[in-house]
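A.B. asks: What follows is a single structure, and I will ask about it in a moment.
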Amino acid sequence: MAEDRSVSIEVVYRGIFQKTLAQRICRSVVLAARKRGHTGTAFARYGDSPERNGVPAKQFAVVAADELELEASMAKYEPSVVDVSIAVDDTLVKGVESWAWYGRQPIWKPVRANGWLLVTSDKKPDEVLAQTDAAERPYTLGIVPGGASFAGLWVYKDDHTDFRVLGALARILPQWIALDDAKAASLELAKGDQSAVASVQYGYDSTAMRPVKPGEGTSGHEVLQFTKPGWTTMRPGIIVDARKPGERNPYYKKYGARTMRPVVNFDTCIKCTMCWLDCPDECFEVTPEGHYEVVYEACIGCGICAQVCPVKDCIVMVDELKFTDNTDKWQLWKQDHATYNAWFEDMSGVSADPKKGTKGSVPPNANPAANPATSAGGDE
Ligand code: SF4
Ligand code: SF4
């Protein structure tokens, strides 16, 4: 990569839910860079494989000094090295397992040495870093203020995540995106709405930068021992491996699609079976007592179980970044109700004893698939 002649930016987003947001960020980058006479293009990676709800996907913006440089920078179908990676949902820092790959990859994997990882988050840089795979090379973690935006399922409602990200990019790449150009581009995209300009400035001023040294981060995330077959080692024809009843795919775990996960209050569960029946991914296992426990490796975090459960706060959706493992929890409840209930309360902010009511603040059920009434639109 000719660092001074071109710049590559990727946006990592939750498939479908954040597609429009990713498009808007990439287009705004190109629009702003063109105002300074640079050339550029925005493109998506997944033309050949279906995008799925919540499953990580990528779009790219490449900006270059001239057309020749741009062509050279786009030679790769998916750039293997980028200057900046932008994650528009902080739970993506737990690793990215896309529909098109086998195995979880660290969020920083394509980021060049001394590049940037920008994450939209309400958390502090160290909290986000604690859930990011240990770095192999130095980079700067930038936290763009704001939670995960799902403003793009049916009709796009701009919450200015795109403009805040553009402001952050103007700060780290002033040679490609000047702040004034970012503001002018935002004004154009927002059809003259001056609040877009303020959001660019806010992203520029308020993005917290945290240099990350090699080794910083977590080594606690699962590493899947799986090697993709090459052309010469692929088995002929279409082969679907048989699985025993109840056996799940050992490679594609699905949990990378999750922004929130359900926690269950087994004490208030009335064993009605609704969660088990309605879970689209068959994540619930029946316990010997007739409760239903979530298999966290299989759960995509859609929130349907929490919606259909007839008992108030029996299933609560919780921010995925609060968890450091995928261990199923019914065994803990079986062994020690008090310890389990303390864990349930700590995670959910809800009292395990319904008579006592809500203990703390309950996180919003952020997944748009779970709550279409509150989700804002998109183009799908
Ligand atoms: S959130 Fe609930 S319904 Fe959705 S996949 Fe997970 S367990 Fe199943
Ligand atoms: S829907 Fe709720 S009450 Fe019914 S079995 Fe599932 S957790 Fe229990």
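A.B. asks: Hey, could you check region 313-330 for residues that are over 16 Å from ASN265 (Cα atoms) and open to solvent by less than 60 Å² (accessible area, probe 1.4 Å) and say which is farthest from ligand 2 (Cβ to nearest atom)?
C.D. replies: For region 313-330, the residue satisfying everything is LEU321.
A.B. asks: For region 289-312, which residues satisfy the criterion of being open to solvent by 20 Å² or more (accessible area, probe 1.4 Å), in contact with a helix residue (DSSP H, G or I) (Cβ under 9 Å, 6 or more places away or on another chain) and more than 7 Å from ligand 1 (Cβ to nearest atom)?
C.D. replies: GLU289, TYR292, GLU293, GLU297, GLN307, VAL308, CYS309, PRO310
A.B. asks: Hey, another quick one. Residues to consider are CYS302, CYS314; find the one that is at pLDDT 95 or above and not assigned by TED's automatic domain parsing to the domain that holds PHE17.
C.D. replies: Details: CYS302 fails: at pLDDT 95 or above.
One residue alone meets the criteria, CYS314.
A.B. asks: Just wondering, is there one or more residues in region 183-196 that are surrounded by 15 or more Cβ atoms within 10 Å (Cβ to Cβ), free of Cβ contacts under 8 Å to residues at least 40 places away in the same chain and more than 22 Å from GLY37 (Cα to Cα)?
C.D. replies: Of the residues in region 183-196, the ones surrounded by 15 or more Cβ atoms within 10 Å (Cβ to Cβ) are 183-187, 189-190, 193, 196.
Now narrow it down to the ones that are free of Cβ contacts under 8 Å to residues at least 40 places away in the same chain: 183, 187, 190, 193, 196.
Then keep just the ones that are more than 22 Å from GLY37 (Cα to Cα); that gives 193, 196.
Yes.
A.B. asks: Listed residues PRO236, PRO310, PRO288, PRO250; which is away from ligand 2 (no atom under 16 Å from the Cβ) and more than 30 Å from TYR13 (Cα to Cα)? Spell out the reasoning first.
C.D. replies: Working: PRO310 fails: away from ligand 2 (no atom under 16 Å from the Cβ); PRO288 fails: away from ligand 2 (no atom under 16 Å from the Cβ); PRO250 fails: more than 30 Å from TYR13 (Cα to Cα).
Result: PRO236 is the single residue among PRO236, PRO310, PRO288, PRO250 that is away from ligand 2 (no atom under 16 Å from the Cβ) and more than 30 Å from TYR13 (Cα to Cα).
A.B. asks: Based on this model, can you work out whether PRO280 counts as more than 23 Å from GLN131 (Cα to Cα), under 23 Å from the mean Cα position of the chain (by Cα) and away from ligand 2 (no atom under 14 Å from the Cβ)?
C.D. replies: Values: more than 23 Å from GLN131 (Cα to Cα): yes; under 23 Å from the mean Cα position of the chain (by Cα): yes; away from ligand 2 (no atom under 14 Å from the Cβ): yes.
Yes, satisfied.
A.B. asks: Do we have ASP346 as at pLDDT 95 or above, away from ligand 1 (no atom under 16 Å from the Cβ) and loosely packed, with under 15 Cβ neighbours inside 10 Å here? Spell out how you get there, then give the answer.
C.D. replies: Details: at pLDDT 95 or above: yes; away from ligand 1 (no atom under 16 Å from the Cβ): yes; loosely packed, with under 15 Cβ neighbours inside 10 Å: yes.
Here the answer is yes, as ASP346 does meet what is asked.
The values are calculated or read from the model by the stated rules, or taken from the named source; none is laboratory data. Predicted model only: the values in this text are computed from it and were never measured. FYI the Cβ positions are ideal-geometry reconstructions off the backbone, even for glycines, and counts take in every protein chain you see. Heavy atoms of the whole protein, side chains included, go into the accessibility calculation; ligands, DNA and RNA do not. Shrake-Rupley method; radii C 1.70, N 1.55, O 1.52, S 1.80 Å.
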